[in-house]
Amino acid sequence: MSADFEIASPLPGAAFGATVRLKTPLARQIPGGLPDVLADAGGLLLIPGLQEIADKPELLVDLSRAFGPEVEDYRYTLTSATSVHAQVPEIFLVSNIAPVNRAPPKRPEPPLTADGKFPVQYPQRKGWHTDQSYRRPPPDISLFYAVTPVARERGQTLFANGTLAYQALPADLKARVEGLEGLHAQPGTGRSRDAILSGYTPPDQPPQARSQRQPVVRTHPVTGRPALYLCESGQMDWYDGPFVGLEPGPHGEGAALLDALMTHLTRPEFVYVHEWTVGDVLVWDNRCLVHAATWYDADTEQRMMWRTTVRGNPGAIYAGEARSWVPKELVQDRI
Ligand SMILES: [Fe+2]
């Protein structure tokens, strides 16, 4: 136990994660030692009761800085201005409210599993991804703050643990993914599974928006543990990928392997379902977890969530790399 907080682990109903209750308001003290707690918990922390952030949003940035050397400033990283907080540009807005107008994901079809449960596993549940994997180097950690969550049993965030999934991977799949690279696509570049299945031929992109290679088995730079590092439908490249060196396209050998890996990675025993309460902060490690959003009724409910992104320790394989997503003129001007 720390002088600054109390820890309870794992998260309810999950095999990983921890709840961290702070003893002192953030405005008085940003607690130390949280990165170690995050690593010990397998990459997911719930910090409840932080309603003070709603009135003082810069506290979310201060808390984010406790997890890494750089908090992304969305003014300089090709992010739509309508999704950036007007006063605190390190905060990305995830909301169906204008001017953000981001629609929630679709409901799974069918909406429940065959035995009547809330579906978490791919392919019934879609939208699994790790943040900004279409960039090299990819980010380390995201923080997500509930300003206005929607009612329970919808608008959840789901997490699947890539470390546990890799450990449990059958030997034949483990052999197939060794040394393999995935090709991760920026959403909106016309390379999603649905786009390619519809017959669309995507245009080439400027260098800062091109799909990026990432290891399928990523070694965590802090814990040294291997984890599956993958996305699916909307954030892999289904035209040239989804894997480098395997038959491309939505009907190819690569697609079949990705379906098998995502189905394994999102098995219910590797998943945590978070029901949001006002004032919750979730901190997740993108290097070893994937996550997915769920449906809510955007016609009757309004949701406002704030996200920050922490970067700076992606691991040795990215050492010395220029940022794939930042055009050279911006590097000279801003970074
Ligand atoms: Fe995300």
Out of all the residues in segment 236-293, which are in a helix (DSSP H, G or I) and either within 30 Å of G49 (Cβ to Cβ) or of a type in the set (A, V, I, L, M, F, W, C) (or both)?
A255, A256, L257, L258, A260, L261, M262, L265, P268, E269, F270
For the condition in contact with a Ser or Thr (Cβ under 7 Å, 6 or more places away or on another chain), more than 16 Å from the ligand (Cβ to nearest atom) and part of a loop (DSSP other than H, G, I, E, B), what is the one hit in R152, R125, R136?
R136
With criteria (1) open to solvent by less than 30 Å² (accessible area, probe 1.4 Å); (2) part of a loop (DSSP other than H, G, I, E, B), S64 comes up short on (2)
K174 fails exactly one of (1) away from the ligand (no atom under 14 Å from the Cβ); (2) assigned to a loop (DSSP other than H, G, I, E, B), namely (2)
Counting only residues that are more than 18 Å from the chain's Cα centre (by Cα) and charged (D, E, K, R), which one in segment 107-153 is surrounded by the most Cβ atoms within 10 Å (Cβ to Cβ)?
R107
Can you pull out every residue in segment 8-43 that is open to solvent by 80 Å² or more (accessible area, probe 1.4 Å) and within 21 Å of L59 (Cα to Cα)?
R21, K23, R28, D36
Every residue from segment 69-83 that is of a type outside the set (S, T, N, Q) and open to solvent by less than 20 Å² (accessible area, probe 1.4 Å)
V71, E72, Y74
How many residues does segment 162-211 contain that are open to solvent by 30 Å² or more (accessible area, probe 1.4 Å) and of a type outside the set (S, T, N, Q)?
24
Selection within segment 212-224 - in contact with a strand residue (DSSP E or B) (Cβ under 9 Å, 6 or more places away or on another chain), in a loop (DSSP other than H, G, I, E, B) and surrounded by fewer than 18 Cβ atoms within 10 Å (Cβ to Cβ):
V222
Report yes if some residue within segment 147-161 is farther than 27 Å from E321 by Cα and of a type in the set (F, W, Y); otherwise report no.
yes
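The values are calculated or read from the model by the stated rules, or taken from the named source; none is laboratory data. All figures in this text were calculated on a predicted structure; none of them were measured in a lab. Please note: Cβ atoms are built from the backbone with ideal geometry, for glycine as well, and neighbour counts cover all protein chains shown. Heavy atoms of the whole protein, side chains included, go into the accessibility calculation; ligands, DNA and RNA do not. Shrake-Rupley method; radii C 1.70, N 1.55, O 1.52, S 1.80 Å.
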